[in-house]
1. What is the residue count in the range 47-56 for residues that are free of Cβ contacts under 8 Å to residues at least 12 places away in the same chain and within 13 Å of P25 (Cα to Cα)?
2. Looking only at residues that are open to solvent by 80 Å² or more (accessible area, probe 1.4 Å) and in contact (Cβ under 8 Å) with a residue 12 or more places away in the chain in the range 32-46, which one is farthest from L18 (Cα to Cα)?
3. If G17 passes every condition in (1) open to solvent by 50 Å² or more (accessible area, probe 1.4 Å); (2) at pLDDT below 85 but one, which one does it miss?
4. Among (1) at pLDDT 95 or above; (2) open to solvent by less than 50 Å² (accessible area, probe 1.4 Å), there is one condition S53 misses while meeting the rest; what is its number?
5. In the range 27-46, what residues are part of a helix (DSSP H, G or I) and of a type in the set (S, T, Y)?
6. Taking the range 30-44 only, how many residues are modelled with pLDDT under 95 and either aromatic (F, W, Y) or over 11 Å from the mean Cα position of the chain (by Cα) (or both)?
Amino acid sequence: MARNLRSPAIRRRSAGGLSDYDRLPGPVRRWVAQAALPWSARSVRGVWARALSAAGGCEAAALARLDRIEARALAREAAAVWGRGYPTVGSARDDSQM
């Protein structure tokens, strides 16, 4: 059994996992907690740094930028899953046929 613990086939995570999340600034942790997409702490840290820099250090503007980035990502995914015009194409319901 001790041999299994040293097996090269078992890989350990090099990332910090929750400790990486814990090191994020408070506003970013709150944003990630309500985000629609599963952001990694590493990726959101980079996006946050760029958004904060572009916003001149204003956290509210940087958070708004994160919202826009996520909205674009969701739009791309929706197009890949349901087609380019989703949700507007074919979503209007014709009540006259009921």
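The values are calculated or read from the model by the stated rules, or taken from the named source; none is laboratory data. What you are looking at is a predicted structure, and each value in this text was computed from that prediction instead of being measured. With ideal geometry, Cβ positions are generated from the backbone for all residues, glycine too; neighbour counts draw on all protein chains shown. Accessible surface is based on the protein model in full, side chains and every heavy atom, while ligands, DNA and RNA are left aside. Shrake-Rupley method; radii C 1.70, N 1.55, O 1.52, S 1.80 Å.
1. Applying the first criterion (free of Cβ contacts under 8 Å to residues at least 12 places away in the same chain) to the range 47-56 yields 49-50, 52-56.
When the remaining residues are screened for being within 13 Å of P25 (Cα to Cα), the result is 49, 52.
Here the count works out to 2.
2. R45
3. Going through (1) open to solvent by 50 Å² or more (accessible area, probe 1.4 Å); (2) at pLDDT below 85 one by one, G17 breaks only (1).
4. That leaves (2) as the condition not met.
5. Keep residues of the range 27-46 that are part of a helix (DSSP H, G or I), which gives 27-34, 41-46.
Passing the criteria: only S43.
6. Within the range 30-44, residues that are modelled with pLDDT under 95 and either aromatic (F, W, Y) or over 11 Å from the mean Cα position of the chain (by Cα) (or both) number 1.
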